[in-house]
Ligand code: URA
């Protein structure tokens, strides 16, 4: 017997609501059901009008000595180290030569980094995980360090945290392939421990050169305390990083939780969702 139309409609409605709930849970956004939709829309509209593309550096931040001192990278930082023989730019094939001859391109840097021996992690890694994505990306994601799957595949953010990152991006209508993704350090720390200060220092010239090689980044999203400290030059708690817009070498920086942290602390997803929506708004604003 065919179901009455109204019953079919009812079932369809339930199915859609279920789907939506699952999507919101998955995309770090259980928030939607926390408040009345009309209040939510009003709040969003207010936020959109009040967000300036670049807010001043967090006024409540109290700068402390930072793990990673920053300075403009010299080419020699990238191409010369104590021990590692680096291919010179002229030895690289023509198609990977940078459009700006003063700085290596992403492809050149990737090749150079592949043999990096600047720290002890070179002895335990499977391979260097330099970065993935387009050099023309508007949005750059900077995470912490490769984990097991990234070390195995040579691509950042492919494990569970990476899958959550992909969902977070999809929730703001951004495809992973349109973003440039990299980490503060390029080799996996054994047992996925935190990067050591000397590893961050040894690796910093790669990230500095990498960010310089990107052609038109409009926004960097720093995920987790190591990326936030590196890119803001400030060490502080995540709640202090969040909400402000910083600047790294002229590129605005928004800070948020690391996806791996969100997998362990589901209650923080709501805040991360707020941050990721700021990323969306910022990119939209920057197009106007
Ligand atoms: N965590 C990171 O910070 N980066 C990765 O690439 C994977 C997990």
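Tabulated results
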| quantity | calculated |
| --- | --- |
| Residue 150, sole failed condition from (1) in contact with a helix residue (DSSP H, G or I) (Cβ under 8 Å, 6 or more places away or on another chain); (2) closer than 23 Å to residue 262 by Cα; (3) part of a loop (DSSP other than H, G, I, E, B); (4) within 13 Å of the ligand (Cβ to nearest atom) | (3) |
| Whichever residue in the stretch 109-132 is in contact (Cβ under 8 Å) with a residue 60 or more places away in the chain and assigned to a helix (DSSP H, G or I) and, among such residues, is nearest to residue 152 (Cα to Cα) | 124 |
| The stretch 154-178, residues that are within 13 Å of the ligand (Cβ to nearest atom) and under 20 Å from residue 135 (Cα atoms) | 154, 155, 156, 157, 158, 162, 165, 166, 176 |
| The lone exception for residue 126 - which of (1) within 22 Å of the chain's Cα centre (by Cα); (2) within 16 Å of the ligand (Cβ to nearest atom) it fails | (1) |
| Residue 135, sole failed condition from (1) over 16 Å from the mean Cα position of the chain (by Cα); (2) assigned to a loop (DSSP other than H, G, I, E, B); (3) away from the ligand (no atom under 13 Å from the Cβ) | (1) |
| Failed condition for residue 70, given (1) over 14 Å from residue 213 (Cα atoms); (2) at pLDDT 70 or above | (2) |
| Residues satisfying the stated conditions in the stretch 138-147, i.e. surrounded by 20 or more Cβ atoms within 10 Å (Cβ to Cβ), part of a loop (DSSP other than H, G, I, E, B) and either more than 9 Å from the ligand (Cβ to nearest atom) or under 13 Å from the mean Cα position of the chain (by Cα) (or both) | 144, 145, 146 |
| Checking residue 182 against (1) under 24 Å from residue 111 (Cα atoms); (2) near the ligand (Cβ under 9 Å from one of its atoms); (3) not in a strand (DSSP E or B), the condition it does not meet | (3) |
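The values are calculated or read from the model by the stated rules, or taken from the named source; none is laboratory data. Predicted model only: the values in this text are computed from it and were never measured. Counting neighbours? That spans all protein chains shown, and the Cβs are built from the backbone with ideal geometry, glycine included.
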